[in-house]
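Have a look at the structure below, then the notes.
Each value in this text was obtained by applying a stated rule to the coordinates, not by laboratory testing. Keep in mind it's a predicted model, so treat the numbers as computed, not measured. Glycine gets a Cβ as well: all are built from the backbone with ideal geometry, and neighbour counts include every protein chain shown.
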Amino acid sequence: MIDPRERFSAAADLYHRYRPSYPDALLDWLERATGIRPPARVADVGCGTGISSRLLAARGFAVTGIDPNEAMLAHARAEGGARYGQGTATETGLADASVDLVTVAQAFHWFDVPAALAEFRRVLASPGWCAAFWNLRRPSPFMDDYDRLLRAHSSEYEVLLKPEPTLQAILKAEGVADTSEAEFPNRQILDREGVFGRAYSSSYVIHGVAGAEAFDRALGELFDRHQSGGNVEFPYRTVAVCCRLR
């Protein structure tokens, strides 16, 4: 199994171009639930190409994005909007009590939950708020067929760690208090190129599909069956949890 810190090196460009953003309602909720508002200091850990970092910075937060993968960080730095540094969830490189909020977007399922929370406690100033959120695919005729395609062609799809158990592990972790959960609708409208880009932005496609020709043929046929006006919809539910770390 490939080191999670290196899984997205080959997919960095597609990740940057084709991964979904997050709804404004998520950030509204995050401010209400934590009471943390701009210009507070935020560490966006596992920031990847900076999708969530830029959203937070656009709100007026002072954001430092942290990621172990230089290929992903290169896109984040090119887009700007925040400061970026190389580090991991357990070794962020940040000073003690140096941030007001830690956010983790689409990445916490790659972390050792207790070890990551211990590092977040170290870098957080009181009262110590942390938030994690993911875009999870919502059922639809297209998405159901897409899920079956991934199960049929990727050897990694069913064995890799999934967000839902991680969310529950965060809620049950020692020293976690004042928890709050939320869910918001989100979506992407993608043309054929976008569907292929979105598929190949996933590490379980890049590393788990042995027969790319057969996969591409099946994905193209799937798009043709479901497209309307040259596009298909990727519907998501953005799930989020925030908590205070005692």
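Just a few scattered comments:
- Legend: calculated FRET efficiency, Arg122 to Arg187, from the Cβ-Cβ distance at R0 = 35 Å, rounded to 0.05, equals 0.40.
- Förster radius 51 Å - calculated FRET efficiency between Glu91 and Asp224 (Cβ-Cβ, nearest 0.05): 0.65
- Gain on full stretching of the segment that runs from Glu6 to Leu171 - 0.36 nm per residue minus C-alpha separation: 56.6 nm
- Packing-based ranking, highest mean first, of 169-178, 31-40 given that Cβ atoms within 10 Å are counted: 31-40, 169-178
- Inter-probe distance in nm under a simple model that places probes 7 Å from Cα toward Cβ, at Ala62 and Asp28: 2.8 nm
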